[in-house]
1. Set the Förster distance to 22 Å, then compute FRET efficiency between Phe126 and Phe181 from the Cβ-Cβ distance, nearest 0.05.
2. Which Cα, out of Gly165, Ser127, Val182, lies furthest along the positive dipole direction of the range 91-183 (beta carbon charges, K/R +1, D/E -1)?
3. Which of rounded, prolate, oblate describes the range 71-187, given a ≥ b ≥ c as roots of the alpha-carbon gyration tensor eigenvalues and a/c under 1.5 marking rounded, otherwise prolate only if a/b is larger than b/c?
4. Largest first and in whole Å, give the semi-axes of the range 71-112's equivalent ellipsoid, each being the square root of 5 times a Cα gyration tensor eigenvalue.
5. Cα centroid distance between the range 140-178 and the range 78-128, in Å?
6. Please compute the contact order of the range 71-187 in relative form: average sequence separation of alpha-carbon pairs under 8 Å and at least six residues apart, divided by the residue count, as a percent.
7. About its Cα centre, how strong a charge dipole does the range 71-187 have in debye, to the nearest 20, once Lys and Arg get +1 and Asp and Glu get -1 at the Cβ?
8. Stretch Glu171-Ala110 to full length: gain in nm at 0.36 nm per residue minus the Cα-Cα span?
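Readers should treat all values here as calculations from the given coordinates under stated rules, not as data from a laboratory. In this text, all values refer to a predicted model and were calculated from it rather than measured experimentally. As a convention, Cβ positions derive from the backbone with ideal geometry for all residues, glycine included, and neighbour counts pool all protein chains shown.
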Amino acid sequence: MEGTILSGKIRPRVLSLLVAGTAVLATPSLALADSPKADSPKAPAPAPVTATAPLTGPKLKEIITKDAPVPAWKKAVKWAMSKRGTPYVWGGTGNGGFDCSGLMLRAYGAAGIKLPRVAAAQYAAFSKKVSWKNLKPGDLVFFHNLGHVGMITKPGYMVHAPQTGDVVKEEKLNSWRRSTFVGGVRPDRTGVKLAAEQAKLAAQPAPTMLQATP
């Protein structure tokens, strides 16, 4: 009978069962092979992509001008202008008020440039004098036989501490001031040159730039 089964008509069925059994047995093996091992290391996560912003010519120019050093005369003018409204006090250098040379002394001192105390000595401290037509912001201007000093703030104007009973103010240089003008000095010559170079750079077209690298 056993031989009959193996050699008779039932043989194809047995083969089918054997084949099916092989397939069933093979399935778990395949599943195990496809499933990840518990102790297998995880693949590293991809690095985040950082977006790069384009660094344009105008942006570069803004960075250059922002980081450029500020000339001393600009600091001095800003400081003196911030004291507008402060009372005039004879001999004053800031303790409740200023006189004309005291204001100049403190303004340039705030910018890192040391000046003598009185107007005549401030004028004598600089060998090169500046004429009326060549005055620039930051220049010290002297009047009335060196009895008074102010500081140019912009073309045609100065900031100064005028006299007793008055306050620090910005004033237009009128014809009367012109008639009593003695001369001017430029404490921050290097700064004036630097400011001119910065102004020239600012007036130039913005450069064409590539993208910034992270």
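1. 0.85
2. The one lying farthest along the dipole's positive direction is Ser127.
3. rounded
4. 18, 10, 6
5. The range 140-178 and the range 78-128 have Cα centres separated by 12 Å.
6. RCO, the range 71-187: 30 percent.
7. Dipole of the range 71-187, to the nearest 20 debye: 460 debye.
8. This chain segment gains 19.8 nm when fully extended.
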